[in-house]
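Step one of this worksheet: look at the structure below.
The values are calculated or read from the model by the stated rules, or taken from the named source; none is laboratory data. From a predicted model like this one, the values you see are computed outputs, not experimental measurements. Quick reminder, even Gly has a Cβ in these numbers, built from the backbone with ideal geometry, and neighbours come from all protein chains shown.
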Amino acid sequence: NAGVTQTPKFRVLKTGQSMTLLCAQDMNHEYMYWYRQDPGMGLRLIHYSVGEGTTAKGEVPDGYNVSRLKKQNFLLGLESAAPSQTSVYFCASSSTSLAQFFGPGTRLTVL
Amino acid sequence: KQEVTQIPAALSVPEGENLVLNCSFTDSAIYNLQWFRQDPGKGLTSLLLIQSSQREQTSGRLNASLDKSSGRSTLYIAASQPGDSATYLCAVKKENYGGATNKLIFGTGTLLAVQP
């Protein structure tokens, strides 16, 4: 039982490049989330999903897109990366009102 | 808008000391409150979750309390150890209205250092 996994762990992009972050969970959770963590800002919700095939915007959705084609996977895409998107990205999952479980994070640097 | 504050931002204590971390929130209409631990360069580990109807939760040397009316939660760590050194985050989930989203609002954390 791996819990929540994220790939890749690290990535460096140039401004304007695109990439996709993959999150996978094996707990059969309905809810999945993408957060970013920045110094002094705490964790902020980017997008979330309440079930397969559904997505919704969080606090800071601009510049990101997401897809939930399978219940166990939640993808976060950056179409044209900007330096302001340098951050640590965390995926999480939960079952309805219970605790959220987090992945180990992806450290992204945009030059 | 819900705001979550954690004070102090950093705390250093000698090994063996009992300590309290504080979390305050501005909107008392919460569904639950969760305490997390984050080690440097790592993800978040859930420590305790308190439902809005509960007053406290305990796990080993950790005890979390919740006072919704005053908008406060505390995390008590007994007999602290160097291995407890980490950043501790609290997060609140909004009241569950129709179309519940399960969104968490996080504080910025308290960095704890336990000196051997």
| field | Filtered residues of region A:4-29 (kept if under 15 Å from A:SER94 (Cα atoms) and among the aliphatic types (A, V, I, L, M)) | value | A:VAL4, A:ALA24, A:MET27
| request: Select from region A:40-87 the residues that are of a type in the set (Gly, Ala, Ser), within 14 Å of another protein chain (Cβ to nearest Cβ) and assigned to a loop (DSSP other than H, G, I, E, B) and list them in ascending order. | output: A:GLY40, A:GLY51, A:GLY58
| query | Which residue, of A:LYS71, A:LYS14, A:LYS57, is of a type in the set (Lys, Arg), without any contact (Cβ under 8 Å) to a residue 12 or more places away in the chain and more than 23 Å from B:LYS42 (Cβ to Cβ)? | reply | A:LYS57
| request: Pull up region B:103-116, narrow it to residues that are surrounded by fewer than 22 Cβ atoms within 10 Å (Cβ to Cβ) and part of a loop (DSSP other than H, G, I, E, B), then point me to the one that is modelled with the highest pLDDT. | output: B:PRO116
| query | When you scan region B:11-70, how many residues do you find that are modelled with pLDDT under 90 and away from chain A (no Cβ under 14 Å)? | reply | 3
| If you scan region A:61-79, which residues turn out to be more than 12 Å from the chain's Cα centre (by Cα) and more than 14 Å from A:ALA92 (Cα to Cα)? | A:ASP62, A:GLY63, A:LEU69, A:LYS70, A:GLU79
| said: Please verify whether A:LEU43 is touching a residue at least 40 places away in the same chain (Cβ under 8 Å), farther than 25 Å from B:LEU49 by Cβ and surrounded by 14 or more Cβ atoms within 10 Å (Cβ to Cβ), treating the condition exactly as stated. | reply: no
